[in-house]
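What follows draws every value from the coordinates through simple rules; no lab data is involved. Fair warning: this is a prediction, and the values are worked out from it, not measured in the lab. Cβ sites come from the backbone with ideal geometry, for glycine too, and all protein chains shown count toward neighbours.
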Amino acid sequence: MEQRPLGNTGIQVSRMCMGTLTMGPLQAGLSPEEGAELIVRAHSMGVTFFDTAELYDTYDHIAVALQTIPRHDIVIASRCYEYTYDGMKASIERALRAMRTDYIDVFGLHEQENSLTLAGHAEALRCAVDAKRAGVIRAVSISTHAIAAVEAARTITEIDVIHPIFNLRGIGIIDGQTEQMAEAIAAARAAGTGVYSMKPLGGGHLLKQAREAVSWVLAHQFVDSMAIGVRDVRELEADVALVEGRPVDADELAGIARDKRLFIEDWCVQCGACVEACRQGALSMGQSRPVVDYSRCVLCGYCVARCRDFCIKVL
Ligand code: SF4
Ligand code: SF4
């Protein structure tokens, strides 16, 4: 698989970044051993870039994979929601410990929205920059669903990498359209920021046109790498073939094109935490439990993580 520089970070990444949210407890619920098997398989197919986050709870999956894959063979990206210096320090330490590694390639701030949220995380950012100076992380990142955050990040020289939502229909962008997001990302990349995009398939909305959706993202030369979440070998093989521009067997495409849905259990206590967590406005409180607006849901799983009663699953 083609490798590219991740902006000016000095880090080389495969064109496909394998997302691990989908294999973890928020979605497929694979055990660390099962998840590691998928990671090792992806690595054997040329994928060298793996995305996780504290929220996804897949550090153990990566740790098990690292018993087989030499650490320097792969690039690991993670992030957290911390906003204080000490919170960020503790989060980086947790990640190092859990993945049993002495460095993380890309680490940063999860789900930034604009210059105000970035300002609110200034202390956490300062800690990440110190960790980079100490050699514990190699590049500082943000992830975002917002054009405003991409624009703001470009002006903050400490941010080396952005992980923005980017797909053919602009699904999941919270403050504008695809063209504006493309402009903002292009400007950031031109300034040397590394770009690995997320959700090329719009959280499932573009599954029926997966080939077109993946090619569309990759045709944008400012995208260094593109993260796709993987749940099983069938999806992995189809995704790698799509990224490499190889023909994909109809059965394999059907494998990734299966509909995924949020399932909300009837023991929901209507606390509303999931509704509050959804930045896409896809959840509203119904009579006995939240109701999902599937035209807005991007299957990010953030509502799943907020439910203390384990009522929501992505199936
Ligand atoms: S409903 Fe849940 S999975 Fe869907 S977009 Fe909202 S937070 Fe993400
Ligand atoms: S967070 Fe869980 S318990 Fe609370 S409203 Fe949502 S589904 Fe129900």
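Be a star and scan region 283-315 for residues whose amide nitrogen sits under 17 Å from the point 7 Å along the Cα-to-Cβ vector of Asp266. Counting only backbone N, you get 286-291, 311-313.
Summing Cβ point charges (Lys, Arg +1; Asp, Glu -1) relative to the Cα centre of the chain gives a dipole of roughly 180 debye. Think of the chain as having a plus end and a minus end, set by charges on the Cβ of Lys, Arg, Asp and Glu; of Gly24, His145, Thr101, His145 sits farthest toward the positive end of this dipole.
For the residue pairs Lys132/Lys199; Lys89/Lys260; Lys199/Lys313, alpha carbon separations beyond 30 Å are given by Lys89/Lys260. Secondary-structure-derived ellipticity at 222 nm for the chain, considering helices only, amounts to -10000 deg cm²/dmol, per-run term -39500 (n - 2.57) for DSSP H runs with n ≥ 4. Rounded to the nearest 20 debye, the dipole size of region 262-314 about its Cα centre is 160 debye, using +1 on the Cβ of Lys and Arg and -1 on the Cβ of Asp and Glu. For region 174-315, with the dipole built from +1 on Lys and Arg beta-carbon atoms and -1 on Asp and Glu ones, taken about the Cα centre, which of Gln287, Val243, Leu218 lies farthest toward the positive end? Positive-end residue among those listed: Gln287.
Each principal axis of the Cα cloud of the chain was evaluated for its coordinate range; sorted largest first, these ranges are 52, 45, 41 Å. Peptide packing for 95-104, 296-305, 119-128, 16-25 was compared via the average number of neighbouring C-beta atoms within 10 Å per residue; ordered from the highest value, the list is 16-25, 296-305, 119-128, 95-104. A cut-off of 5 Å between modelled amide H atoms, ignoring neighbours fewer than 5 places along the same chain, links Phe49 with Ser14, Met18, Val75.
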